[in-house]
1. In the stretch B:212-229, which residue that is over 26 Å from the mean Cα position of the chain (by Cα) and part of a loop (DSSP other than H, G, I, E, B) is nearest to B:Gly249 (Cα to Cα)?
2. Considering every residue within the stretch B:101-110, establish whether at least one is surrounded by fewer than 24 Cβ atoms within 10 Å (Cβ to Cβ) and either assigned to a helix (DSSP H, G or I) or facing another protein chain (nearest Cβ under 10 Å) (or both).
3. Quick check on the stretch A:80-96: of everything there that is within 7 Å of chain B (Cβ to nearest Cβ) and part of a loop (DSSP other than H, G, I, E, B), which residue is nearest to A:Ser132 (Cα to Cα)?
4. Condition first: within 21 Å of A:Ala98 (Cα to Cα) and either more than 7 Å from chain B (Cβ to nearest Cβ) or part of a strand (DSSP E or B) (or both). Now tell me which residues in the stretch A:62-79 satisfy that.
5. How about the stretch B:128-150: which of its residues are part of a loop (DSSP other than H, G, I, E, B) and either within 16 Å of B:Asp256 (Cα to Cα) or acidic (Asp, Glu) (or both)?
6. In a loop (DSSP other than H, G, I, E, B) and either among the aliphatic types (A, V, I, L, M) or within 14 Å of chain A (Cβ to nearest Cβ) (or both): does that describe B:Tyr208?
7. Please determine whether any residue of the stretch A:155-166 is within 14 Å of chain B (Cβ to nearest Cβ), over 25 Å from A:Met216 (Cβ atoms) and surrounded by fewer than 24 Cβ atoms within 10 Å (Cβ to Cβ).
8. Specify which of the listed residues (B:Gly238, B:Gly249) is at positive phi and not aromatic (Phe, Trp, Tyr).
Amino acid sequence: MAFKDYIRERFFPHIWCPGCGHGMVLKGMLKAVEKLGINKSNIVMVSGIGCSSRITGYVDSHTLHTIHGRALAFATGVKLSRPELCLIVPMGDGDALAIGGNHFIHACRRNINMTAIIMNNQIYGMTGGQYSPLSGVGKYASTAPYSTIENKFDIAKLAEASGASFVARTTTYHMREMIDTLCMAIKHKGFSVVEIFSQCPTYFGRKNKLKTPADMLNYFKNNTAKIGSEAKKKNPELIERGVFINKKMPEYCEEYDKIIKKANNTLTNTEV
Amino acid sequence: MKQNIKFVQGNEACVEGALYAGLDFFAGYPITPSTEIMEHLSERLPIKKGKFIQMEDEIASMCAIIGASLTGKKVMTATSGPGFSLKQEALGYAIMAEIPCVVVNVQRGGPSTGNPTHVSQGDVNQARWGTHGDHAIVAMTASTIQDIFEVTIQAFNIAETYRTPVILLFDEIIGHMREKLILPEPGKIPLVERLRTSVKSGIDYHPYLQREDGRLPMSDFGEQHRYNVTGLFHDMWGFPSTKPKIVHGLLRHLNDKITNYAETKPICMYKEFYLEGAEIILISYGSSARSVLHTVKNRQAAGEKIGFIELQTLWPFPYNIIKKKCANARHVIVVEMNMGQMIRAVKNAVEDPKKVFLINRIDGLLITVSDIRNILRMLQGKGV
């Protein structure tokens, strides 16, 4: 199936601003799904609220556009109920880590098999450019006219410490890497987290001297480096890209099946 | 035939009712005085290959059951006041997206943390108006352990029939009190299964297009039809829309589909005692109804013209039924454990609101027979 077949044309044109990175994430995500050859009817995409969360509507799968910050909680209900389905949960940085921070760390802890994609544009776009927990100190936003004084999260470290079994970071500048990373994440059995830096030229860029989409993409190019690369060794300030964690761990739905067997006294010795 | 009789508390009766109705999925968070519901389901659901999950908070529990319901499962969560407050946004989502689910609130004293181990009926109006925006809701209650069992089954039936959340508004006394429960044979109480679409694979399915009878056949997530579900106003495909005609039409539909059936079964449930020729009619519900029934029975035996309506469905309120039944009564007395919540609906229903009086308690204790007697004596001009 061509990746275009995964698109729900009826819902176009999309709502994103010209130059927004979210359309690139949409393409990357669909390319990954196409590569893996997953049947449309086996995919459930769950999102919360914000620019990023509109991404689900444009995909011809089962799509659940929910309330702010709670996408992972809805997704947990779907997944536990029908473990054979492929769950993809695209979220914005504010959606996933401010209002949804608690659900995020607990989904990591449970290691339930789904892929959380955090489209990190470092800003609340839909409401007009307020600073997010991923903006970082010194950034300007409509609620930080004198610059922010709040530290940002390191999503990869947070996910790792919370127990996610696959953690990666990439950017919209690195499309091929994004597609490959998403393939790995979706294939991974357990809770996978992929942080994707996505540009918001309209609000983040305009207020932070990165006015055009190209400025922002170049920023991603020049300020990131592969994990353990020479560039990173030379300049420790660079943000690392790549797969931080990829390990086998007991998956929640499989463990739950054992509970069913325990409750019915049918657990075999090898499963104990 | 030997009857299956149990001696259980109300929270367990709710569990039995939910399982009888076909509960597949429960998500919850510990909170007094409802916790026994989740404790029992954590044991019972895996036995029938159902799913139980203790979520990270009350909000997540509500969201998880909505997600599970979309895959075609019968779902429930249980909580009490503070947790019920937290669930309100997701409850509104279930209303807007028309997703069947059952939400139990075993009421305790509030506001805030309030009086966790004591009884109250203070969430009656929250059940009606707790989530934002105009909406209709079904909220039901019970005064005996047997009724908890049966009302719980009806809650599932109504949720599936009308594609709506149904709230079970029990209270601490009825949740923790133990009484006899007779479990009927499977199949004795009719169960409603979800109406699923007959539209074949490959043909355009409209998840939010009403049939002629107003119902919307569903398609389970994971099956052939792929569609969008959103909390935004949406068109027949579930696609977000701000078109005035669509916004107006959907809001009307969400309200009409419940309120148009407010006075008919299965939504409308109540019991009546000795209403014929009654000069005084008491109206009550939940554990307060037990003291009222005791009082009314004794006074009937003594020859007084006193009747009783026990509400089992609180919302939507059956205004016309209450108006008709109370038309000839001199006094209508609402007995409830709050500052007067249901009484507002009763006053709106009857022709002369001045004849409606309140007997209440707000100190965390049950309304007693003597509380009721004192007010009746005043109304009857006998002094206290």
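The values are calculated or read from the model by the stated rules, or taken from the named source; none is laboratory data. The structure presented is a predicted model; accordingly, all values stated were derived computationally and were not measured. A quick note on method: Cβ atoms are made from the backbone with ideal geometry, for glycine too, and the neighbour counts reach across all protein chains shown.
1. Filtering first and then ranking leaves B:Glu212.
2. No - not one qualifying residue is present in the stretch B:101-110.
3. As a first pass, look at the stretch A:80-96 and keep what is within 7 Å of chain B (Cβ to nearest Cβ): A:80-82, A:85.
With part of a loop (DSSP other than H, G, I, E, B) added as a condition, the list becomes A:82, A:85.
On the way: A:Arg82: 34, A:Leu85: 32 Å.
Here the answer is A:Leu85.
4. A:Leu64, A:His65, A:His68, A:Gly69, A:Ala71, A:Leu72
5. Taking the stretch B:128-150 first, the residues part of a loop (DSSP other than H, G, I, E, B) are B:130-137, B:141-144.
Of everything in the stretch B:128-150, those that are part of a loop (DSSP other than H, G, I, E, B) and either within 16 Å of B:Asp256 (Cα to Cα) or acidic (Asp, Glu) (or both) turn out to be B:Gly133, B:Asp134, B:His135, B:Ala136, B:Ile137.
6. Numbers: in a loop (DSSP other than H, G, I, E, B): yes; either among the aliphatic types (A, V, I, L, M) or within 14 Å of chain A (Cβ to nearest Cβ) (or both): yes.
It is true that B:Tyr208 is in a loop (DSSP other than H, G, I, E, B) and either among the aliphatic types (A, V, I, L, M) or within 14 Å of chain A (Cβ to nearest Cβ) (or both).
7. Pass one, the stretch A:155-166, residues within 14 Å of chain B (Cβ to nearest Cβ): A:162-163.
The next check asks that each one be over 25 Å from A:Met216 (Cβ atoms); those that pass are A:162-163.
Within this subset, residues satisfying the condition of being surrounded by fewer than 24 Cβ atoms within 10 Å (Cβ to Cβ) are A:162-163.
Yes, the conditions are met somewhere in the stretch A:155-166.
8. On the way: B:Gly249 fails: at positive phi.
The unique qualifying residue is B:Gly238.
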